[in-house]
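Contents: one structure, followed by commentary.
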Amino acid sequence: MKLSSFHLLSLCWLVTACFLCPASIWGQEEDTRLRVVKIKGSASAYHDESDETSRLKAGDKIDDSDKITTGAKSRMVLRLPGRAYVVLGPNTKVNVSRLRFGEKGLQVRLNLLTGDLWCRLDHAPNYAFEVSMQNLICRCHGTLLEAVRQKDDARVIAFEGPVVTTSGAQVKIAKTGEILQYIHEKFRYKHRLKKSDEIRRDQWKKDLGEILLSLSSKTH
């Protein structure tokens, strides 16, 4: 009787583990995926894992190594659950270089090939949230930044909080309200935001707020 009880207890533990472990793993995977929140126009993604390209729609997931492209006059809002919103402007191409948990925690790196990318983080990150352009790596330590790239001309705009940029052995910091330019793999200049930049920032924040409000109202 004791032996049967022991086996029954072991079986119960095994069944519980089978149910709980996949759920925890699934939850971790979900935390490391970008979810498409809204698309205006058209956008597509090449999924490296399945070796296929698909047209994106709201609710789709973007994973590690995926390549994203937006069309002309298009804009897409992505969400990294509990961490950040990423907005891609028209004619933008982004490779998801890293989007996974490693030994040092969550690792996020978005490689901007061309176009306009905004990141609004929920809070100053305690993990690696990076945007790369050419040989420039930008690590966000604030809550709002923009990265713009056209061919060999790249700009990083630190709207709220600093962005630490590195290129080879060189390190430059763009503080809140500063724009840093990087051309032909060299740092060129750094200057303060102009009034037009502040107006564009405020309009962008208003647009994102309205999108999130409309999504919230639909949910309720």
* Search the structure for amide H atoms under 5 Å from the amide H of Leu56, placed 1.01 Å from N in the peptide plane, and list their residues when 5 or more places away or on another chain. => Ala43, Ser44, Ala45
* So what are the ³J(HN,Hα) numbers for the range 107-122, from phi and the Karplus equation (6.51, -1.76, 1.60; θ = phi - 60°), rounded to whole Hz, Gly and Pro as x? -> 10, 10, 9, 10, 8, 7, 7, 6, x, 10, 9, 10, 10, 10, 8, 5
* To do: Work out how much length Asp48 to His123 would gain on full extension: take 0.36 nm times their residue separation and subtract the Cα-Cα distance, in nm to one decimal.
  => 24.0 nm
* What distance in nm separates the simple spin-label points at Glu160 and Asn91, each placed 7 Å from Cα in the Cβ direction? -> 3.0 nm
* Structure fact -> Residues meeting the amide H criterion for Ile62 (H placed from the backbone, H to H distance under 5 Å, 5 or more places apart or on another chain) are Leu34, Arg35, Val36
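Given a cut-off of under 8 Å on Cα pairs at least six residues apart, what relative contact order in percent is computed for the range 34-219?
Values: 451 pairs, mean separation 21.8, N = 186.
Answer for the range 34-219 is 12 percent.
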* Subset of Lys40/Lys61; Lys175/Lys205; Lys40/Lys93; Lys57/Lys186; Lys40/Lys172; Lys67/Lys104 violating a 26 Å alpha-carbon distance limit -> Lys57/Lys186; Lys40/Lys172
* Asked: GluC sites (Glu not before Pro) within the range 129-220: which are DSSP loop residues with at most 14 other Cβ atoms inside 10 Å?
  -> Glu185
* Structure fact -> To the nearest 0.05, the calculated FRET efficiency linking Lys195 and Lys61 through their beta-carbon distance, R0 being 35 Å, is 0.35
* Sticking with the crude label model, points 7 Å out along Cα→Cβ, report the distance from Asp207 to Arg35 in nm, one decimal please. => 2.3 nm
* Rounded to whole Hz and in sequence order, give me ³J(HN,Hα) for the range 201-208 from the Karplus expression 6.51 cos²θ - 1.76 cosθ + 1.60, θ = phi - 60°, writing x for Gly and Pro. => 4, 5, 5, 4, 5, 5, 4, 5
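Every number in this text was worked out from the coordinates using simple rules, so none of it is lab data. Owing to the predicted nature of the structure, the values given are computational and were not obtained by experimental measurement. Note that we place each Cβ from the backbone using ideal geometry, even for glycine, and neighbour counts take in every protein chain shown.
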